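Engineer: Here it is: the structure, laid out below.
The values are calculated or read from the model by the stated rules, or taken from the named source; none is laboratory data. None of these values were measured; they are calculated from a predicted model. Here the Cβ is made from the backbone with ideal geometry for all residues, glycine too, and neighbour counts use every protein chain on show. The area values use the complete protein model at the heavy-atom level, side chains included, leaving out ligands, DNA and RNA. Shrake-Rupley method; radii C 1.70, N 1.55, O 1.52, S 1.80 Å.
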Amino acid sequence: MEQINVMLEPVRAFLIQTGAFLPRLAIALLVLVAGFLVAKAVRFAVEKGLRAVNFHIVTKRAGLDGFLQQGGTHIDTIGVLGVLAYWVVILAALIVAFNGLGLTHVTELLSRVMLFVPQLIVALLVLAFGAYFARFLSNAVATYCKGVGMRDGQALGRIAYYAILAFVVMIALDQMGVGGSIVRDAFLLILGGVVLALALAFGLGGKDWAAAQLERWWPSKDEPRDPPSRLR
């Protein structure tokens, strides 16, 4: 009898562990199902809410929707934000489910991924509003240059657009933690090099060219008078 009890002890321990694990597995499955339903609702609410405040107009004028369509996607920026919100809820449900099952390593990995998704959402919002502001300022510069009679206003507007867009991209990358100080230092070095090159070009070898460009941009309104004739 004692030998039978010794032989059945592993089976009894296995059944006890299985009985303790099955309720936790059932709770984890319920959490996943509830998380899936909540994620669908959150995605629907985010997309409807952003379209209600006309956020799609901002992203369309900023050029993000066109960029996504050129990349082969069939959704716009609002759709991307909705998908990201959906996966935030899914990851939260997975974290709760795996934590209930005692899988701590998987929970830590999912927690890191979940912390990155909100940063990506903020980066997309920064890109959307930053690109919209860059395009607005580019049009303002071009319109002002045209109003004051300055030529090459479109070129100056494009320069302002790409300069602001580069700064916005740097902020978005810093928000996602990509590059960090390396991206900032590289941007400052490039900007400083461009400014120094322009200063040297104007100060050393480009005086005549600069004067010609200024005369081209702001042509003088008064025509030069004929020199007085010499007395014979």
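Engineer: What do you reckon, is Arg135 basic (Lys, Arg), more than 14 Å from Arg61 (Cα to Cα) and either part of a helix (DSSP H, G or I) or open to solvent by 70 Å² or more (accessible area, probe 1.4 Å) (or both)? Walk me through it before giving the result.
Structural biologist: Values: basic (Lys, Arg): yes; more than 14 Å from Arg61 (Cα to Cα): no; either part of a helix (DSSP H, G or I) or open to solvent by 70 Å² or more (accessible area, probe 1.4 Å) (or both): yes.
No, not satisfied.
Engineer: Another one. I'd like the residue in segment 59-90 that is open to solvent by less than 30 Å² (accessible area, probe 1.4 Å) and of a type in the set (A, V, I, L, M, F, W, C) and, out of all such residues, is nearest to Phe36 (Cα to Cα).
Structural biologist: Across segment 59-90, the extreme among qualifying residues is Ile90.
Engineer: State whether the residues of segment 90-112 include one that is among the small types (Gly, Ala, Ser) and outside any helix (DSSP H, G or I).
Structural biologist: Within segment 90-112, one or more residues are among the small types (Gly, Ala, Ser) and outside any helix (DSSP H, G or I).
Engineer: Next up: Inspect all residues belonging to segment 4-22 and state whether any of them is surrounded by 12 or more Cβ atoms within 10 Å (Cβ to Cβ) and modelled with pLDDT of 85 or more.
Structural biologist: No, segment 4-22 contains no residue that is surrounded by 12 or more Cβ atoms within 10 Å (Cβ to Cβ) and modelled with pLDDT of 85 or more.
Engineer: Can you tell me which residue in segment 121-131 is nearest to Phe36 (Cα to Cα), limited to those that are open to solvent by less than 50 Å² (accessible area, probe 1.4 Å) and out of contact with any Gly (no Cβ under 7 Å at 6 or more places or on another chain)? Working first, answer last.
Structural biologist: So the first thing to find is which residues in segment 121-131 are open to solvent by less than 50 Å² (accessible area, probe 1.4 Å), and the list is 121, 123-124, 126-128, 130-131.
When the remaining residues are screened for being out of contact with any Gly (no Cβ under 7 Å at 6 or more places or on another chain), the result is 121, 123-124, 126-128, 130.
Details: Ile121: 20, Ala123: 25, Leu124: 24, Val126: 28, Leu127: 29, Ala128: 28, Gly130: 33 Å.
The selected residue is Ile121.
Engineer: Within segment 122-135, can one find any residue that is touching a Lys or Arg at 6+ places or on another chain (Cβ under 7 Å), among the aromatic types (Phe, Trp, Tyr) and under 20 Å from Leu173 (Cα atoms)?
Structural biologist: yes
Rundown of residues vs (1) closer than 22 Å to Arg135 by Cα; (2) touching a Ser or Thr at 6+ places or on another chain (Cβ under 7 Å); (3) modelled with pLDDT under 70; (4) not acidic (Asp, Glu), yes/no style:
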{"site": "Gly157", "(1), (2), (3), (4)": "yes, yes, no, yes"}
{"site": "Tyr161", "(1), (2), (3), (4)": "yes, yes, no, yes"}
{"site": "Leu165", "(1), (2), (3), (4)": "yes, no, no, yes"}
{"site": "Ala172", "(1), (2), (3), (4)": "yes, no, no, yes"}
{"site": "Gly179", "(1), (2), (3), (4)": "no, no, yes, yes"}
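Engineer: Does segment 57-77 hold any residues that are assigned to a helix (DSSP H, G or I) and out of contact with any Leu (no Cβ under 7 Å at 6 or more places or on another chain), and which are they?
Structural biologist: Matches in segment 57-77: Ile57, Val58, Thr59, Lys60, Arg61, Ala62, Asp65, Gly66, Phe67, Leu68, Gln69, Gln70.
Engineer: Which residue pairs have Cβ atoms closer than 7 Å, lie 6 or more positions apart in sequence or on different chains, and pair a first residue in segment 21-37 that is part of a helix (DSSP H, G or I) with a second residue that is open to solvent by 50 Å² or more (accessible area, probe 1.4 Å)?
Structural biologist: Matching pairs, first to second residue: Val31/Val96.
Engineer: Please identify the pairs in which a residue from segment 91-111 that is more than 19 Å from Leu37 (Cα to Cα) and modelled with pLDDT under 85 has its Cβ atom under 6 Å from the Cβ atom of a residue that is of a type in the set (A, V, I, L, M, F, W, C) and open to solvent by 50 Å² or more (accessible area, probe 1.4 Å), counting only partners at least 6 apart or on another chain.
Structural biologist: Partner pairs satisfying both residue conditions: Gly100/Ile27; Val106/Phe98; Thr107/Phe98.
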